[in-house]
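Here the structure comes first, spelled out in structure tokens, and everything after it is commentary.
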Amino acid sequence: MPESPGKLGAKVAWPRVLVDGGHGMVFGVLELSTANEVERTSTQLTVKKMRGRKFDNRPVKVRIHPGKGIIFQVPQSHKQRRSSTN
């Protein structure tokens, strides 16, 4: 898979079909953005579209760890809501 540097310095590997023009093979759209808080900047991940799935479109704080990858910082209110529906 070809690699390219991401916005936050993480390497992103793209499947060959997407590099070669397979635009019809997109299953979802994710948005990685930054949010300015009182004394710091945080990174947020938001699911914009997901084909064939129900999803929560509220932004979730994430951080990128060099050895572990993306670490999700999900608030307790998100966890309780998901477990109460099962």
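This table checks each residue for (1) modelled with pLDDT of 75 or more; (2) touching a strand residue (DSSP E or B) at 6+ places or on another chain (Cβ under 6 Å).
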position: ALA13; (1), (2): no, yes
position: HIS23; (1), (2): no, no
position: GLU37; (1), (2): yes, no
position: ARG51; (1), (2): yes, no
position: PHE55; (1), (2): yes, yes
position: HIS78; (1), (2): no, no
position: SER83; (1), (2): no, no
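Do any residues in the range 29-51 that are closer than 17 Å to PRO75 by Cα have Cβ atoms under 6 Å from those of residues that are among the acidic types (Asp, Glu), where the two are at least six apart or on different chains, and which pairs are they?
Every condition considered, the pairs that remain are THR46/GLU31.
The values are calculated or read from the model by the stated rules, or taken from the named source; none is laboratory data. In this text the structure is predicted, and so the values were computed from the model without any measurement. Neighbour counts run over all protein chains shown; Cβ positions are idealised from the backbone, glycine included.
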